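Visitor: Below is the structure I would like to discuss, written out as structure tokens.
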Amino acid sequence: MRTIYLKNKPRIIGAYSIVGPKEGRGPFGKYFDYVMDHDKFGEKTFEKAERKMIEHAISHSIKKAGLKKEDIDLMLSGDLLNQIISSSYAARSFNFPYLGLFGACSTMAETMAVGSLLVDGCYLNNVVCSTSSHFSTAERQFRFPLELGNQRVPTSQWTATACGSCVISKSGNGPCVTAITFGRVIDFGVNDVNNMGAAMAPSAMDTLISHFEDTKRKPTDYDLIATGDLGKLGSEILIDLLEDKGLKLGPNYTDFGHVYFSRGEDTMCGASGCGVSASVFNSFVMRKLLNKEYKRVLFVPTGALMSTTASQQGESIPGVSHAIVVESGDEK
Amino acid sequence: MNDKERNKIYNQYVEAKIPRTRPFPSLLNSFLVGGIICLLGQGINDLLLVIFPTMSEQSAWALTLVVLIFLASFLTGIGVYDKIGKFAGGGSIVPITGFSNSIASPAIEYKNEGIIFGMCVKMFSIAGPVIVCGVAGSMLVGLIYFIIGVL
């Protein structure tokens, strides 16, 4: 049994999202709390900009929750950069205890899951969970300089410049986290760093199968089942993989990476990066949960746990996906 | 089924599902842009010989390369060359302008990490292998020529 049920139902009482201009032009544009004019966000380097995005998102999510900074007991955050510097350096400017978590693009679920458990266990009252990704910082770390005149392959994805943050609390009103299925690290031997959807899809399959087996629920029991950033190809693969195992995903399934950017933005298979699931969950999904359009959501961000060193040494790409169930919940 | 078999089947399945690039338009774009760059080079070369009638052909070649390298670096700096590259693919990578772009782009990218350890170190991160392979290849060819000469 891998699924954990949260009896005290910790509430998500404040959520905030911030994205770059290209992301703001996408289908979720009107739901995001803040769209930056420029990817540098007034900073000298892209790394500093990413850090500032986390600081901004965390401060505003606390404000939206109606709390003060002193009320926060713990900050949980992670990102894609080496030594998760965006999160840790953002934590430097706050006075909270801090746990840095890395789950690649599954980080939003990881921080929310750990945060919810700590609140559910009555150890803490308010935790703030966040994650971010930035196109320009990720590109230079994992790929090529921005100005290099190369072409992208059709399976590649575009790292989103986006950040999301939410406050999970013991009291207050808001959607509640009711169950968590932590993912195993799954590797089906995909070596192509330009095809992360195919590398991560098996991990999403594994987590979803465990989740449905444990809970005895069907995909139709959810108003929305959303994976993080499998992209167009990866989400099609996931549907195929699950069908092989006798699980059919219906029209309530979507992949945020696949639908994140507008057509014509030249993003090939869609968006990737921690910020994709973080920004959509903390804007669009939260809004729908709050106005009760969605009653029960299964949120499954997917992460590819590779590094450039491991890939260059010929290692394949392991994936991990964590699933959390968020329900609209009654007013307390 | 063991993991190895499972991975093999999965990779075959993924391979069959991958969207393909259409070769004809890519080749055409590449041919057009590559051809224009070469035409430009020839034009500069001819122009130089007209303006400076006393210049030797070899000096004109060298100067043409300098002009092309400058142009490509300049276009990289103002953020145009990557757009050309996106359209042209190999057409703008193979000529010397592509080499220039591969040195200028990391130089711009890493200037925030300092002149020496940022820019200077990273400048050849993409062009470096080309130089190493070029030098090593020429040595090998030279050696073969030498051996043939001795025989």
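The values are calculated or read from the model by the stated rules, or taken from the named source; none is laboratory data. Quantities reported herein were computed from a predicted structural model and do not represent experimental measurements. Ideal geometry is used to build each Cβ from the backbone, glycine not excepted, and the neighbour counts take in all protein chains shown.
Residues are listed down the side, and each one gets a yes or a no for (1) at pLDDT 95 or above; (2) under 21 Å from B:VAL130 (Cβ atoms); (3) more than 15 Å from the chain's Cα centre (by Cα):
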{"position": "B:LEU32", "(1), (2), (3)": "yes, no, yes"}
{"position": "B:MET55", "(1), (2), (3)": "no, no, yes"}
{"position": "B:ASP82", "(1), (2), (3)": "no, yes, no"}
{"position": "B:GLY90", "(1), (2), (3)": "no, yes, no"}
{"position": "B:ILE108", "(1), (2), (3)": "no, yes, yes"}
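Visitor: Another question, if that's okay. Within the range B:22-67, can you find the residues that are of a type in the set (Ser, Thr, Tyr) and exposed (fewer than 13 other Cβ atoms within 10 Å of the Cβ)?
Guide: Within the range B:22-67, B:THR54, B:SER56 qualify.
Visitor: Oh, and also: Report yes if some residue within the range A:64-73 is within 28 Å of A:SER203 (Cβ to Cβ), touching a strand residue (DSSP E or B) at 6+ places or on another chain (Cβ under 9 Å) and not in a loop (DSSP other than H, G, I, E, B); otherwise report no.
Guide: no
Visitor: In this structure, is A:GLY246 outside any helix (DSSP H, G or I) and either free of Cβ contacts under 8 Å to residues at least 60 places away in the same chain or over 30 Å from A:LYS63 (Cα atoms) (or both)?
Guide: yes
Visitor: Test A:PHE41 against the criterion of being of a type in the set (Phe, Trp, Tyr), modelled with pLDDT of 95 or more and within 26 Å of A:PHE96 (Cα to Cα), and give yes or no.
Guide: yes
Visitor: Would you point out the residue of the range A:101-131, among those that are assigned to a strand (DSSP E or B) and in contact with a Gly (Cβ under 6 Å, 6 or more places away or on another chain), that is farthest from the other protein chains (Cβ to nearest Cβ)?
Guide: Among residues in the range A:101-131 that are assigned to a strand (DSSP E or B) and in contact with a Gly (Cβ under 6 Å, 6 or more places away or on another chain), the one farthest from the other protein chains (Cβ to nearest Cβ) is A:VAL127.
Visitor: Can you tell me which residue in the range A:242-268 is nearest to the other protein chains (Cβ to nearest Cβ), limited to those that are buried (at least 17 other Cβ atoms within 10 Å of the Cβ) and among the β-branched types (Val, Ile, Thr)?
Guide: By that ranking, first place goes to A:THR267.
Visitor: Within the range A:74-100, track down each residue that is in a helix (DSSP H, G or I) and of a type in the set (S, T, N, Q).
Guide: A:ASN82, A:GLN83, A:SER86, A:SER87, A:SER88
Visitor: Just one of the numbered conditions (1) under 27 Å from the mean Cα position of the chain (by Cα); (2) aromatic (Phe, Trp, Tyr); (3) within 30 Å of A:LEU241 (Cβ to Cβ) is not true of B:TYR10; which one?
Guide: Every listed condition holds for B:TYR10 apart from (1).
Visitor: Please tell me if B:MET139 is assigned to a helix (DSSP H, G or I), touching a Phe, Trp or Tyr at 6+ places or on another chain (Cβ under 6 Å) and modelled with pLDDT of 90 or more.
Guide: no
Visitor: Tally up the residues in the range A:95-108 that are farther than 23 Å from A:VAL280 by Cβ and modelled with pLDDT of 95 or more, please.
Guide: Summing the residues that are farther than 23 Å from A:VAL280 by Cβ and modelled with pLDDT of 95 or more in the range A:95-108 gives 3.
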